[in-house]
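Enquirer: Submitted below is the structure of interest, expressed as structure tokens.
What follows is calculated from the coordinates using simple rules that are stated; it is not laboratory data. Treat the numbers as computed from the prediction; the structure is a model and nothing was measured. Glycine also receives a Cβ, built like all others from the backbone with ideal geometry; neighbour counts cover every protein chain displayed.
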Amino acid sequence: MKILAISAGSVAGNTELTLLTALQAVQAVKPDATIQLIRLEEIRIGNRLITGQFEHPFTKEQKRTAADSGPDDRPFVLEAIMEADAIIIGAPVLNRGAAGLLKYFADKTLGPFQDVSVATEMVAQGRGERVDQRILKKRVAALVSVGGAVSSDWTTLGLPMLHQLLFPMGIMVVDQVHIYGAGLPGSVVLDDDALSRAAQLGRSLVEQASQPVEGRKYAGAPGKCPICNLNVVALIGGNQVECASCAARGTVRIVDGEVVLDFTQEGLNSSVFRMQALVEHGAEIKKVAGELRPKMQEIPNKVKPLLNWGAAITLVPPSLSG
Ligand SMILES: Cc1cc2nc3c(=O)[nH]c(=O)nc-3n(C[C@H](O)[C@H](O)[C@H](O)COP(=O)(O)O)c2cc1C
């Protein structure tokens with residue numbers, strides 16, 4: 001079994017120490033496991049969103065601009081992800097959400113570039129040779145969020161943002177935890193409860209990864225949303241709610257002063273964490289592109305005056321002004 005941890009925290013920081021504690025517990029229950037840690041702080045990604053020197057996994061297209069020179073470690077990280085059977089992602093909470101480094105990495109490497117519904121469709125169409133079919137492996141994941149604050153108000157978007165990383169690959173999250181009060185460098189090692197929870201998370205990950213796929217279960221604390229087990233909810237009109245983390249749709253009612261969320265099967269299937277929603281999203285993107293494509297020739301004439309005007313007000317950073 002191959003277990004990969006990815007840290008978006010500072011090198012040797014609280015996130016990394018929490019992940020190492022979880023990984024040591026993995027080693028204790030699974031001594032023959034291959035255990036690896038990648039620090040995103042050490043990964044060179046490049047500075048352009050979407051375009052970059054990373055080869056698109058499905059189209060094999062490689063858009064490269066002068067600004068994209070320099071090393072690119074993303075294929076290395078992706079290879080480790082593809083090889084892993086189980087993944088732990090850890091990130092500190094910065095400014096109430098998971099560290100931007102994590103999202104930056106995901107936006108440039110994962111998401112639509114590593115989409116299990118696209119890969120499944122390409123295999124079904126006989127174009128499987130263009131896909132890294134290791135994406136179809138049924139992996140499990142655990143999520144670790146770490147913050148200095150001691151209450152939920154300063155940590156709200158930590159775990160929800162961590163969830164966004166792996167769902168396009170169809171990876172099931174089997175445990176998750178937010179560690180509160182890690183307020184000084186390395187101080188998490190003083191928190192016995194946090195360390196023992198991290199160790200438990202490592203053991204749960206191995207236990208669930210060892211189960212046949214249909215027998216795998218979520219082993220963490222339950223949440224109001226039955227899919228991502230979090231409690232962040234968007235109010236979308238009337239009594240309708242949408243899970244702000246995974247987009248499962250339901251209704252809200254109050255019973256004896258308690259909030260109760262009810263989800264139908266249809267509402268659960270609209271969660272972006274479900275394959276059906278990934279497939280529908282793919283169809284939606286194709287539909288939108290299909291409707292826009294005949295009007296493409298109108299774009300240059302409309303874009304030109306806007307960009308000409310924009311050039312006059314765009315500030316050139318010192319690093320580009322030479
Ligand atoms: C710029 C900055 C913003 C932060 N914002 C938050 C926050 O909103 N909520 C919180 O709980 N902790 C916040 N923290 C504290 C970090 O989450 C905490 O120090 C964490 O242990 C750092 O993780 P690391 O050691 O793995 O890098 C912030 C720290 C920094 C430097």
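Enquirer: Treat the count of other C-beta atoms within 10 Å as a stand-in for reagent exposure and order R139, R253 from fewest to most.
Expert: Arranged by neighbour count, lowest to highest, R139, R253 become R253, R139.
Enquirer: Something else: Is the C-alpha gyration tensor of the stretch 278-322 telling us rounded, prolate or oblate? Criteria: a/c under 1.5 is rounded; beyond that, a/b larger than b/c is prolate, otherwise oblate.
Expert: Taking the square roots of the gyration eigenvalues as a ≥ b ≥ c, the stretch 278-322 is oblate.
Enquirer: Applying a 10 Å radius around every beta-carbon, put 167-178, 27-38 in order of their mean neighbour count, most first.
Expert: Highest to lowest by the protection proxy: 167-178, 27-38.
Enquirer: On a 0 to 90° scale, report how tilted helix 74-83 is relative to the longest principal axis of the chain, with both axes built from alpha carbons and the result rounded to the nearest 10.
Expert: 50
Enquirer: Further question: Please say if the chain is rounded, prolate or oblate, where rounded means a/c under 1.5 for a ≥ b ≥ c the square roots of the C-alpha gyration tensor eigenvalues, and otherwise the choice is prolate for a/b larger than b/c and oblate otherwise?
Expert: Here the chain falls in the rounded category.
Enquirer: Tell me, what is the percent relative contact order of the chain, built from C-alpha pairs under 8 Å that lie six or more residues apart?
Expert: Answer for the chain is 16 percent.
Enquirer: Related question: Can you list the residues, at least 5 places off or on another chain, whose amide H is less than 5 Å from the amide H of I88, using H built in the peptide plane?
Expert: Hits under the 5 Å cutoff: L4, A5, I6, A142.
Enquirer: Taking every DSSP beta bridge that has both residues in the chain, what percent is antiparallel when rounded to the nearest 5?
Expert: The antiparallel proportion sits near 35 percent.
Enquirer: Please compare each pair in K217/K287; K2/K108; K137/K286; K2/K103 to a cut-off of 32 Å on the Cα-Cα distance and tell me which ones are over it.
Expert: K217/K287
Enquirer: Then there is this: What's the extension gain from D107 to N308 if we count 0.36 nm per residue and subtract their Cα-Cα distance?
Expert: Computed gain between D107 and N308 is 69.5 nm.
Enquirer: Give the order of T156, T109, T18 when sorted by the count of other beta carbons within 10 angstrom, beginning with the fewest.
Expert: Placing the least packed residue first, the sequence is T156, T109, T18.
Enquirer: A further question on this structure: What is the order of S145, S152, fewest Cβ neighbours within 10 Å to most?
Expert: Sorted ascending by nearby Cβ count, the order is S152, S145.
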